[in-house]
Each structure stands twice: as structure tokens, then as C-alpha cells.
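First up is the structure itself, then whatever we jot down about it.
The values are calculated or read from the model by the stated rules, or taken from the named source; none is laboratory data. For clarity, every value in this text was computed on a predicted model and none was experimentally measured. Heads up, the Cβs are rebuilt from the backbone with ideal geometry, glycines too, and the neighbour counts pull from every protein chain shown. Side chains included, ligands, DNA and RNA excluded: accessible areas come from the protein's heavy atoms. Shrake-Rupley method; radii C 1.70, N 1.55, O 1.52, S 1.80 Å.
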Amino acid sequence: MLVKGDKVSVLDEAINGTVVSVKNNEVLIETTDGFMMTFFVNELIKIQDSSNLMNSIKRINLDEVSKEKTEPKPRSFVKEKKDKRDFGVPEFDLHIEKLVPNKRGMSNYDILTLQTETAKKHIEFAIRNRIPKIVFIHGVGEGILKAELDFLLGRYDGIDFQDANYQKYGLGATEVYFKQNNK
């Protein structure tokens, strides 16, 4: 409950002041600029003056504060171990924004065709150059591009594919492994 002389702040406005009078649910305050204004009780919040604030700060145990500052906090993330086979694995982002500067005027069919043709070129390049593994980033979306990519990869002999590392890519990538012939 607010009483005469309390320091208050208006909740949704940058107004501070001192309570002059309280009648029922209305509070008359004198702002720091010297204006008299009336607000409802639920629009105000009582604030402590700086002397009370300093007293409450002094009660904090300084030893605890210095201990928090000197003790290193454990890291909250798990560092991903890099596999030697993953070093330098080519990643190809099939999002349309990465393939063309402006997709305006392209139908969904045109976009999907461009994405699958790009994937096909990368697959054939990897086969020609005996690259053992590549990653396609296709995103989650509705799964249409992923389904097309799975269909395309299924047409090749000597290719295995699976969802890529979830920690690194989430659900939106596919790893492609090329079985090498020793000819």
C-alpha cells in the first residue's frame, strides 16, 4: 500500500515522483519535474530511495562475490570431436538463395529442378575426382527437396547416403558416401 511521501515510478511511462495523497484507488503524485498527476494504484510501483538501496547492497556477502569472480564456470557446451575422415568434407548448400542471386520469376518447379541439377553436378564431380564423402545441405522445410535428393542418389550404383551429423547440421542435411573401386 502506498502512503504519503513514498517514492514511486509509473509503470508504462518514464515518470518518477513522490506520493502527495491517496484516495480510494487513485494516487496523486508530484513528479520530479514538479507536476501534479493522478494515477491508479496499479499503474505505480514503489521504489526504494538510494540510502535503503545502499543498505541492502552492504548485506551481500563480499566473499561470495569474489569467489564467483575468481572461480571459472564450467563451459556449457560439448565440443564436437572431429573425425579424421571429416577433415575437408565438401558441403554443398542447395537452398535456392545460395544458388541464384534472385529467385523472382522462378516457379517451384524451376527452383526444384535447379536444385536437383546442381546436386547431380556435384555428385558426378565427386565420382570423377574420387572424393569419398560429400554433404548436401537441403534444409528441413516440407521435405520435397530431401525426397528428390534421395531419389536421385538411389539411381547411382556405389553410393550410400544417410542423414548428416545431427549436432552439426540438424535434420536438414544428407551425407553421401562414394564406394571407391580399386581399379
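Before moving on, here are some points about what is shown:
- Of all residue pairs spaced 6 or more apart or on separate chains, those with beta-carbon atoms under 7 Å, a first member in region 18-34 that is within 18 Å of ILE45 (Cβ to Cβ) and without any contact (Cβ under 8 Å) to a residue 60 or more places away in the chain and a second member that is among the aromatic types (Phe, Trp, Tyr) and part of a strand (DSSP E or B) are ASN25/PHE40; GLU26/PHE40; VAL27/PHE39; ILE29/PHE39.
- Residues of region 113-126 that turn out to be more than 14 Å from VAL176 (Cβ to Cβ) and open to solvent by 40 Å² or more (accessible area, probe 1.4 Å), as a count: 3
- All positions within region 127-170 that are open to solvent by less than 80 Å² (accessible area, probe 1.4 Å) and acidic (Asp, Glu): GLU148, ASP150, ASP160
- Scan region 165-183 for residues that are modelled with pLDDT under 90 and among the aliphatic types (A, V, I, L, M) and the total you get is 1.
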